[in-house]
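What follows is one structure encoded as structure tokens, with my remarks underneath.
The values are calculated or read from the model by the stated rules, or taken from the named source; none is laboratory data. Source: prediction; values computed, not measured. Ideal geometry is used to build each Cβ from the backbone, glycine not excepted, and the neighbour counts take in all protein chains shown. For the accessible areas, the whole protein counts, side chains as well, though only heavy atoms, and no ligand, DNA or RNA atoms are used. Shrake-Rupley method; radii C 1.70, N 1.55, O 1.52, S 1.80 Å.
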Amino acid sequence: MTDHVVQCGACRVDVQVVRREEGEMARCPVCARTAPKDEAIRVARSALIDVVMRDLDENLRAIVRASPALGYRPVQAYDWVVDGAPGPSRLDAR
């Protein structure tokens, strides 16, 4: 995941990493949405997995959903996405 850039799911711009008392935070420079850096990475990973799963047959999708190692958490719209990956976002829901 280090080769990919996490972006705000609504604005589709690269996030900034800022330091706060509670640790490193991902922050959108446009809409100011923030989340802990680790959470933003997990959500962006789930968004990418969601896109990839569209091309898998149902048996493989079930395996991905059941794997705790992947940390996949499907949602209707992802607050954080990976740069260049197509997929659902809050912007698409408007």
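Kindly list, by first and then second residue, each pair from a residue in region 56-67 that is within 14 Å of Ser46 (Cβ to Cβ) and small (Gly, Ala, Ser) to a residue that is open to solvent by less than 100 Å² (accessible area, probe 1.4 Å) and modelled with pLDDT of 90 or more, limited to pairs with Cβ atoms under 7 Å and residues at least 6 apart or on different chains.
Close Cβ pairs (under 7 Å, with a partner that is open to solvent by less than 100 Å² (accessible area, probe 1.4 Å) and modelled with pLDDT of 90 or more) do not exist here.
Search region 22-48 for residues being over 19 Å from His4 (Cβ atoms) and at pLDDT 90 or above, and hand back the single one that is surrounded by the most Cβ atoms within 10 Å (Cβ to Cβ).
Thr34
Is it the case that some residue within region 49-66 is open to solvent by 30 Å² or more (accessible area, probe 1.4 Å) and in contact with an Asp or Glu (Cβ under 9 Å, 6 or more places away or on another chain)?
no
Pick from region 3-21 the residues that are of a type in the set (A, V, I, L, M, F, W, C) and without any contact (Cβ under 8 Å) to a residue 24 or more places away in the chain: which of them is surrounded by the most Cβ atoms within 10 Å (Cβ to Cβ)?
My answer is Val13.
If only one of Gly84, Gly71 is out of contact with any strand residue (DSSP E or B) (no Cβ under 8 Å at 6 or more places or on another chain), surrounded by fewer than 18 Cβ atoms within 10 Å (Cβ to Cβ), assigned to a loop (DSSP other than H, G, I, E, B) and touching a residue at least 40 places away in the same chain (Cβ under 8 Å), which one is it?
Gly84
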